[in-house]
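Undergrad: For reference, the structure I am asking about is given below.
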Amino acid sequence: MSETVTFRVQRFKQGDPASHYDTFQESTDPRTTVLDVLTRIRRVEDPTLTLRHSCFHASCGTCGMKVNGREVLACVTNVRELGTDEVVVQPLDNAPLVSDLVVDMGPFYARFNAIDRPLVRESELVPGSHPAEGIPHAERYEDCIECGICLSACPIAATDPEYLGPAALAAADRLREEPRGQQVPPALRLADDPHGAWRCHVAFECSEACPSNVDPAGHIMSLRRSLIGRRWRALRGEPVGAER
Ligand code: SF4
Ligand code: FES
């Protein structure tokens, strides 16, 4: 049965002195997602509403936004399951605002470049396969869909724009676990920086928010253990080792 839900959508265009909210009354059925509503608003009511999306099924990572204060993928956020008749939609935090719900992802992607980690997406292990020798678990970093949700949810990124951030640090840890012929030490040196793994305050908001079960905070902890081991071996005059 159709139900009407109030949507308050944050709006901003370049040159505006500040953001404001526009309100839309939208009919929803039990399967309606937030992205369904937003694309309908743009199609039928306000073609100037800007947002990013592509796949509609949680794989491209472009529709990250805040819904009722939490970072989500709009394409898989069911309106009814929010349990409220008023839905507030905002762009992601900790990224430059471009227009309405669109943020500039460039600085987020640049963090991956700094780590020098090519993205290899592999959403699921092949049935019956096992993690490679030396890989402790099957949570593959390649599950990352580069949505930027973890950076938006991170309280440290809000105060330190130089912080490398959860996704890039998870990338560094994946590189350490599975170098695939790449040089690991440069990424570890970057992760060992004051704006790297040590800057994390263990809030675990990134892992809580990540829609793809990457567990970036878990990777940061694993990275810290590895960096401590390297420092300890260096103090003892032992070979530091290339990766671990
Ligand atoms: S680690 Fe998770 S939240 Fe962060 S960019 Fe990757 S998929 Fe998105
Ligand atoms: S539209 Fe691709 S992840 Fe949501």
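The values are calculated or read from the model by the stated rules, or taken from the named source; none is laboratory data. None of these values were measured; they are calculated from a predicted model. With ideal geometry, Cβ positions are generated from the backbone for all residues, glycine too; neighbour counts draw on all protein chains shown.
Undergrad: Please list, ordered by residue number, the strands (runs of 3 or more DSSP E) wholly in the stretch 1-98 having 3 or more residues that are more than 25 Å from residue 205 (Cα to Cα).
TA: Strands (runs of 3 or more DSSP E) meeting the threshold: 3-11, 20-28.
Undergrad: Moving on. Can you tell me which of (1) over 30 Å from residue 172 (Cβ atoms); (2) assigned to a helix (DSSP H, G or I) is the one residue 112 doesn't meet?
TA: With (1) over 30 Å from residue 172 (Cβ atoms); (2) assigned to a helix (DSSP H, G or I) applied to residue 112, the lone miss is (1).
Undergrad: Follow-up question, since we're still on this one. When you go through 97, 92 one by one, which is the residue that is under 21 Å from the mean Cα position of the chain (by Cα), surrounded by fewer than 21 Cβ atoms within 10 Å (Cβ to Cβ) and not assigned by TED's automatic domain parsing to the domain that holds residue 157?
TA: 97
Undergrad: Can I ask one more? Test residue 55 against the criterion of being within 16 Å of the chain's Cα centre (by Cα) and within 14 Å of ligand 2 (Cβ to nearest atom), and give yes or no.
TA: So residue 55 does not fit the description; no.
Undergrad: Right, another one. Given the residues 149, 145, 156, 220, which is the only one that is modelled with pLDDT of 95 or more, within 16 Å of ligand 1 (Cβ to nearest atom) and touching a strand residue (DSSP E or B) at 6+ places or on another chain (Cβ under 9 Å)?
TA: Step by step, each of 149, 145, 156, 220 is checked, and only 149 is modelled with pLDDT of 95 or more, within 16 Å of ligand 1 (Cβ to nearest atom) and touching a strand residue (DSSP E or B) at 6+ places or on another chain (Cβ under 9 Å).
Undergrad: Mind listing whichever residues of the stretch 85-97 are more than 16 Å from ligand 1 (Cβ to nearest atom), more than 23 Å from residue 56 (Cβ to Cβ) and touching a residue at least 24 places away in the same chain (Cβ under 8 Å)?
TA: Scanning the stretch 85-97 gives 85, 86, 97.
Undergrad: Kindly provide the set of residues from the stretch 192-235 that are part of a loop (DSSP other than H, G, I, E, B) and more than 16 Å from ligand 2 (Cβ to nearest atom), ordered by number.
TA: Passing the criteria: 192, 193, 194, 195, 196, 200, 201, 202, 203, 204, 215.
Undergrad: Based on what the data block shows, is residue 28 surrounded by 11 or more Cβ atoms within 10 Å (Cβ to Cβ), at pLDDT 95 or above and within 15 Å of ligand 2 (Cβ to nearest atom)?
TA: no
Undergrad: For the stretch 86-109, which positions are small (Gly, Ala, Ser) and either at pLDDT below 95 or touching a Ser or Thr at 6+ places or on another chain (Cβ under 6 Å) (or both)?
TA: 99, 106
Undergrad: Here is a further query. If you check residue 77 against the conditions, is it within 16 Å of ligand 2 (Cβ to nearest atom) and among the polar types (S, T, N, Q)?
TA: Yes: the conditions hold for residue 77.
Undergrad: I want to confirm something. Restricting to the stretch 148-173 and keeping residues that are closer than 22 Å to residue 74 by Cα and assigned to a helix (DSSP H, G or I), which single residue is nearest to ligand 2 (Cβ to nearest atom)?
TA: Out of the qualifying residues, it is 149.
Undergrad: Residues 244, 189, 176: which one is outside any helix (DSSP H, G or I), modelled with pLDDT under 95 and either out of contact with any Gly (no Cβ under 6 Å at 6 or more places or on another chain) or within 30 Å of residue 66 (Cα to Cα) (or both)?
TA: The unique qualifying residue is 244.
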